[in-house]
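Have a look at the structure below before the remarks.
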């Protein structure tokens, strides 16, 4: 991971706000997938590792939205709703990609998420 300063949203201050280990792990996964729907992110955020493997328990939408708001405040992610009555999507911002050291290209939000077409075809 690069030593790059967190770039706060211009409307907020980031006093004592830092990404957690879970944030880094989750954001890295989002970067590898190019984006994720918020309902899938709820399950990913609730996943914890135990001695026997992983325990999956989805976090509430309110909890997920609070985490996403913190990431947005840090300038790490962007969000957008693409389809009516479908959950919105979360993906790494340019700064988020750079912060995590991901080699992936930034995709403008006007592009339909590649993952959406894949999940709808299954």
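Laboratory data are not the source of any read-out in this text; all were calculated from the coordinates shown. Just so it is clear, the model here is predicted, and its values are computed rather than measured. With ideal geometry, Cβ positions are generated from the backbone for all residues, glycine too; neighbour counts draw on all protein chains shown.
Observations, loosely collected:
- Rounded FRET efficiency, nearest 0.05, which uses the C-beta distance separating residue 48 from residue 88 and R0 of 22 Å: 0.35
- Gained length - residue 23 relative to residue 108, 0.36 nm times residue gap less alpha-carbon distance: 28.4 nm
- Taken over region 21-121, the alpha-carbon convex hull comes to 117 cubic angstrom per residue.
- Burial order of peptide ranges 83-95, 17-29, 33-45 (average beta-carbon count within 10 Å, highest first): 33-45, 83-95, 17-29
- Gain in span if fully extended, residue 32 to residue 16, counting 0.36 nm per residue against the direct Cα distance: 3.0 nm
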